[in-house]
Amino acid sequence: MNESYLSLGSNMGDRLDMLKQAVRMLAEHPSIDVAAISSLYETEPVGFTEQEPFLNMVVHVRTQLPALELLDACQEVEQKLQRKRIVRWGPRTIDLDILLYNQDNMKSERLIVPHPRMHERAFVLIPLSEVNPSLATNPPNPEGVQLWKTYEGVDAFL
Ligand SMILES: Nc1nc2nc(S)n(CCO)c2c(=O)[nH]1
């Protein structure tokens with residue numbers, strides 16, 4: 001069984017519903033078990049800053065899928081939720097990034113794990129440390145990440 005941590009974000013449309021639908025699709029995948037979710041955080045956009053705030057969360061999954069097939073599943077969720085990548089760093093209905101896959105280090109055209117920008121992103125590090133305290137670090141610019149809502153487990157969220 002493989003352990004992976006995914007970062008989910010949305011800043012277009014009904015952000016909460018987008019995140020719920022994405023987690024539901026992951027949980028319904030026959031080879032993915034959603035083991036835990038973080039709280040949801042309202043976060044200031046980084047990178048392309050002239051856009052709406054995001055709702056972000058981190059999901060801990062257990063999966064039999066190899067990393068690239070987990071990536072396929074994440075990209076399928078993005079497509080099903082009509083991810084509109086208008087501007088590369090701009091607004092999106094939903095974004096799923098693989099942060100960690102076991103303790104693996106991999107670099108390919110399609111996937112770099114650990115995620116190359118995760119250590120500079122408080123919107124990733126703060127929810128990640130919630131679902132795995134052993135991964136806690138001092139995130140840069142934590143002021144841009146505000147706790148929005150905490151759910152008592154995956155079922156309470158879905
Ligand atoms: N706060 C925040 N800023 C972001 N900039 C980009 S790009 N993204 C998409 C994730 O790569 C985000 C995000 O999810 N949250």
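The values are calculated or read from the model by the stated rules, or taken from the named source; none is laboratory data. Keep in mind the model is a prediction, meaning the values are calculated, not measured. Every residue, glycine as well, gets a Cβ built from its backbone with ideal geometry; the counts of neighbours run over all protein chains shown. Accessible surface is based on the protein model in full, side chains and every heavy atom, while ligands, DNA and RNA are left aside. Shrake-Rupley method; radii C 1.70, N 1.55, O 1.52, S 1.80 Å.
In table form, for the structure just shown:
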read-out	value
Selection from segment 49-107 of residues that are under 22 Å from I37 (Cβ atoms), of a type in the set (S, T, Y) and more than 15 Å from the chain's Cα centre (by Cα)	T63
Residue count, segment 121-134 (criterion: at pLDDT 95 or above and open to solvent by 40 Å² or more (accessible area, probe 1.4 Å))	1
Matching option when the condition is touching a residue at least 12 places away in the same chain (Cβ under 8 Å) and either out of contact with any strand residue (DSSP E or B) (no Cβ under 9 Å at 6 or more places or on another chain) or within 21 Å of V23 (Cβ to Cβ) (or both), among M106, M57	M57
Residue in segment 56-69 that is farther than 17 Å from A156 by Cβ, small (G, A, S) and modelled with pLDDT under 95 present	no
Segment 16-57, subset away from the ligand (no atom under 11 Å from the Cβ), among the β-branched types (V, I, T) and assigned to a strand (DSSP E or B), residue nearest to I126 (Cα to Cα)	I37
Residues of segment 94-113 satisfying the condition of being within 16 Å of the ligand (Cβ to nearest atom) and either in a strand (DSSP E or B) or crowded, with 20+ Cβ neighbours inside 10 Å (or both)	I94, D95, L96, D97, I98, L99, L100, I112, V113
